[in-house]
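Have a look at the structure below, then the notes.
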Amino acid sequence: MKAERRENMWFFAWAVAVVAMCGSLYFSEIRGYEPCELCWYQRILMYPMAILIGISVVRKEYRLSLYTTVLSGIGMFVSLYHYSLQKFSIFSDHSPACGRVPCTAEYINWLGFITIPFLALTAFILIFISSLLVWKWTTSSSNPS
């Protein structure tokens, strides 16, 4: 039962990474939204996780969850900073220019708070929690006490 739960959680982390990757590609390639510099950093962290977790799901290698925990943790902070630039004037007033597209630009603003960095933040949080649980279950099953 524990192995099945770990397998399902790891598959969930992969599904979240794939949806996030496809969503970012949709916004840039289909809708034509040019990513800002911070968006690129979030992509750099998300895209490899979609591939690596996918391979890990197929091969049932759960130790990769340590690395995805770190990557998604970094991604959470980048997304949170990016979201703060968009939503809080104390950050946006002092933000540096970051390329052709300002990091404060909001291509979408659903319900007054859901922006692209918010979607990325949600994905990074879900992957972080999933990876942490998979790591915990993997280390506890290999070290019976």
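The values are calculated or read from the model by the stated rules, or taken from the named source; none is laboratory data. A quick note: this is a predicted structure, and the numbers were derived from the prediction, not measured. Cβ coordinates were reconstructed from backbone atoms using ideal geometry, including for glycine residues, and neighbour counts include every protein chain displayed.
Can you find a residue that is β-branched (Val, Ile, Thr), closer than 24 Å to Gly112 by Cα, free of Cβ contacts under 8 Å to residues at least 12 places away in the same chain and part of a helix (DSSP H, G or I) anywhere in segment 44-63? Give the steps one after another, and end with the answer.
As a first pass, look at segment 44-63 and keep what is β-branched (Val, Ile, Thr): 44, 51, 53, 55, 57-58.
Pick out the ones that are also closer than 24 Å to Gly112 by Cα and you get none.
Checking segment 44-63: not a single residue is β-branched (Val, Ile, Thr), closer than 24 Å to Gly112 by Cα, free of Cβ contacts under 8 Å to residues at least 12 places away in the same chain and part of a helix (DSSP H, G or I).
For the condition surrounded by fewer than 19 Cβ atoms within 10 Å (Cβ to Cβ), among the acidic types (Asp, Glu) and within 20 Å of Leu121 (Cα to Cα), what is the one hit in Glu4, Glu37?
Details: Glu4 fails: within 20 Å of Leu121 (Cα to Cα).
Just one listed residue meets the conditions, Glu37.
Tell me which residues, restricted to segment 50-74, are under 10 Å from Val134 (Cβ atoms) and among the β-branched types (Val, Ile, Thr).
Passing the criteria: Ile53, Thr68, Thr69.
Only residues that are assigned to a helix (DSSP H, G or I) and surrounded by 15 or more Cβ atoms within 10 Å (Cβ to Cβ): list them for segment 85-98, please.
Leu85, Gln86, Lys87, Phe91
Residue by residue through segment 7-26, note down the ones that are surrounded by 18 or more Cβ atoms within 10 Å (Cβ to Cβ) and over 19 Å from Thr69 (Cβ atoms).
Selection gives Ser24 alone.
Any idea which of Val70, Val101, Val78 is assigned to a loop (DSSP other than H, G, I, E, B) and under 16 Å from Arg43 (Cα atoms)?
Values: Val70 fails: assigned to a loop (DSSP other than H, G, I, E, B); Val78 fails: assigned to a loop (DSSP other than H, G, I, E, B).
After ruling out the rest, the residue left standing is Val101.
Take segment 27-43 and flag every residue that is in a helix (DSSP H, G or I) and either in contact (Cβ under 8 Å) with a residue 24 or more places away in the chain or among the polar types (S, T, N, Q) (or both).
Hits for segment 27-43 are Phe27, Ser28, Glu37, Leu38, Cys39, Tyr41, Gln42.
Go over the candidates Leu25, Leu45 one by one and state the one that is more than 19 Å from Gln86 (Cβ to Cβ) and modelled with pLDDT of 95 or more. It would help to see each step written out before you state the result.
Numbers: Leu45 fails: more than 19 Å from Gln86 (Cβ to Cβ).
Answer to the check: Leu25.
In segment 104-125, which residues are assigned to a helix (DSSP H, G or I) and under 15 Å from Ser24 (Cβ atoms)?
Of everything in segment 104-125, those that are assigned to a helix (DSSP H, G or I) and under 15 Å from Ser24 (Cβ atoms) turn out to be Ile116, Pro117, Phe118, Leu119, Ala120, Leu121, Thr122, Ala123, Phe124.
Could you run through segment 23-37 and say how many residues are in contact with a Phe, Trp or Tyr (Cβ under 7 Å, 6 or more places away or on another chain) and hydrophobic (A, V, I, L, M, F, W, C)?
Total meeting the criteria: 1.
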